[in-house]
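Everything below concerns the one structure shown next.
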Amino acid sequence: MAETDPREAAGATSWAVSAGAETEGTAHAHCPAWVRDLNIWTDEGLHRDPYPQYAELRSYPIGRSDRLGGYYVISRYDDVLAVLQDAVNFSNEHLFVPPTRDPSGRRIPIELDPPEHGLYKRMLAGFFSPQWTRRFEPTVRGIVRDLLAPHVGRSELEFMSSVAVPLPFRAMAVAFGLPPGDADLLRGWDDQMRSGTSDLDARKRASASVRVKLLGYFADLTAARRAEPIAPADGLVGMVDALVAARVGEDKRELELDEMANICVTMWNASLHTTANVLGNTMVHLAARPDLRDRLVADPSVIREALEELMRYESIVAQARLVRGEVTVGGRAMRPGDHVVTLTGSAGRDAAVYEDPDSIDFDRPVKKHLMFGAGLHRCIGSHVARMELRVALEEIHATFPHYRADPARPSRRHTGLERGTESLHLLLGAA
């Protein structure tokens, strides 16, 4: 498993703005000109392959773009880690640039800061614990087998639509305790949001519309469960019922319906696309490397280490933070109201931390990565995500040991809030 970086336990950093720290005006003078016009979400070069640009960014002190209202680009491992650890000077209130304000309120708990954040995270921690995850694993394994079964004996498979995307939808439907069939309804809404346009503003509007639908769905479901709780047949209490039963704060109050709906929507969305993208990205690399594939087929015990290395190699998340205090990062003085974007994908290729970072090495001695973040806002669902990914790879390599990329239909990929895969065609028979 991934090693723990001792710096991750340090908590908030106590940077002071030094006399020699550079400010917004001098940031432009020491980074590539293209950074000034960089739209981190839509840049065509980043969508094709972000790593050459990430490497150039790391060779300079922190750069600044004038697009999207202006933001600093954080690309080096130590700088990304420092920002993610510091919940005092860097707020989760704005996770995007330009900042957007959802009329339904901040997403609980990921857009909350301490101490409010801790109230909800402590309540949710047990639901995503290693113990709960182990009990949930047989369910996930059954889902993966069901998804693979229709393709046994076939010669090809489009992996994203057949496996990577439906897996987290079906798994999380069980984990949340949704009524049978409702996962298809919610996936239909998600498909509407993500198809039909490449215009960013139109997709934002579609996303807001789907969020309203999801809030209504989970508000109705939590109200129904509060009125008539259910007893799960497998003994695993789903998130909806866990929230209904939860008591929070010193006064041990019940959660309000809008709180429960907000939490459900936030955790539901966070559980889906990241897992699908990591699984798709992982298979892109394995399908192109028969030597790596064959090693996992021959020795499935390597899969845990392989996953950590592949999440280091392609750590997919880019998120913004709102600067709350006067701090210096990478020699750049930042002030309250500034925004930064942290590139964990760039951090995972930092040669100051990893030897030969652009190669995949399952035996790499240090596999620490920032795929799941760091500090107080480190992903609460990392145990579940790791389990889903591991089980999927175990079953895939047992069922289709000869899979490989279809050279006639190259994978389609994208970079933005996450680095992901849109389509991946695999040939399943022996070459």
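Please tell me if residue 177 is surrounded by 14 or more Cβ atoms within 10 Å (Cβ to Cβ), touching an Asp or Glu at 6+ places or on another chain (Cβ under 6 Å), over 16 Å from residue 403 (Cβ atoms) and of a type outside the set (Asp, Glu).
Against the criterion (surrounded by 14 or more Cβ atoms within 10 Å (Cβ to Cβ), touching an Asp or Glu at 6+ places or on another chain (Cβ under 6 Å), over 16 Å from residue 403 (Cβ atoms) and of a type outside the set (Asp, Glu)), residue 177 qualifies.
Among the residues of region 311-327, how many are assigned to a strand (DSSP E or B), at pLDDT below 95 and touching a Gly at 6+ places or on another chain (Cβ under 9 Å)?
The qualifying residues number 3.
Go through region 386-431 and count every residue that is in contact with a Gly (Cβ under 6 Å, 6 or more places away or on another chain) and assigned to a strand (DSSP E or B).
2
Within the set of pairs 6 or more residues apart or between chains, which connect a residue that is crowded, with 18+ Cβ neighbours inside 10 Å and at pLDDT 95 or above inside region 402-431 to a residue that is part of a loop (DSSP other than H, G, I, E, B) and of a type in the set (Asp, Glu) with Cβ atoms less than 9 Å apart?
424/406; 425/406; 426/406; 427/406
Can you tell me how many residues in region 33-80 are surrounded by fewer than 23 Cβ atoms within 10 Å (Cβ to Cβ), touching a residue at least 24 places away in the same chain (Cβ under 8 Å) and among the polar types (S, T, N, Q)?
2
Please enumerate the residues belonging to region 335-359 that are over 21 Å from residue 59 (Cα atoms) and surrounded by fewer than 18 Cβ atoms within 10 Å (Cβ to Cβ).
Once the filter is applied, which keeps residues that are over 21 Å from residue 59 (Cα atoms) and surrounded by fewer than 18 Cβ atoms within 10 Å (Cβ to Cβ), region 335-359 yields 335, 336, 337.
Within region 281-334, work out how many residues are under 24 Å from residue 361 (Cα atoms), among the small types (Gly, Ala, Ser) and surrounded by 19 or more Cβ atoms within 10 Å (Cβ to Cβ).
Residues flagged as under 24 Å from residue 361 (Cα atoms), among the small types (Gly, Ala, Ser) and surrounded by 19 or more Cβ atoms within 10 Å (Cβ to Cβ) within region 281-334 amount to 4.
Is it the case that residue 365 is more than 26 Å from residue 53 (Cβ to Cβ) and at pLDDT below 90?
Yes: the conditions hold for residue 365.
Which count do you get for residues in region 242-264 that are in contact with a Pro (Cβ under 9 Å, 6 or more places away or on another chain), surrounded by 14 or more Cβ atoms within 10 Å (Cβ to Cβ) and without any contact (Cβ under 8 Å) to a residue 40 or more places away in the chain?
1
Determine whether residue 219 is of a type outside the set (S, T, N, Q), within 21 Å of residue 257 (Cα to Cα), assigned to a helix (DSSP H, G or I) and modelled with pLDDT under 85.
Considered against the rule, which asks whether it is of a type outside the set (S, T, N, Q), within 21 Å of residue 257 (Cα to Cα), assigned to a helix (DSSP H, G or I) and modelled with pLDDT under 85, residue 219 comes out as no.
Collect the residues in region 227-241 that are modelled with pLDDT of 80 or more and either closer than 17 Å to residue 126 by Cβ or in a helix (DSSP H, G or I) (or both), keeping them in residue-number order.
227, 238, 239, 240, 241
Looking for something small (Gly, Ala, Ser), surrounded by 15 or more Cβ atoms within 10 Å (Cβ to Cβ), in contact with a Leu (Cβ under 8 Å, 6 or more places away or on another chain) and modelled with pLDDT of 90 or more - is there at least one such residue anywhere in region 383-392?
Yes, region 383-392 contains at least one residue that is small (Gly, Ala, Ser), surrounded by 15 or more Cβ atoms within 10 Å (Cβ to Cβ), in contact with a Leu (Cβ under 8 Å, 6 or more places away or on another chain) and modelled with pLDDT of 90 or more.
In this structure, does residue 370 turn out to be in contact (Cβ under 8 Å) with a residue 40 or more places away in the chain and either touching a Pro at 6+ places or on another chain (Cβ under 9 Å) or polar (S, T, N, Q) (or both)?
No; evaluated as a whole, the condition is false for this residue.
The values are calculated or read from the model by the stated rules, or taken from the named source; none is laboratory data. This structure is a prediction, so every number in the text was calculated from the model and none was measured. In this analysis, Cβ positions are derived from the backbone assuming ideal geometry, glycine residues included, and neighbour counts consider all displayed protein chains.
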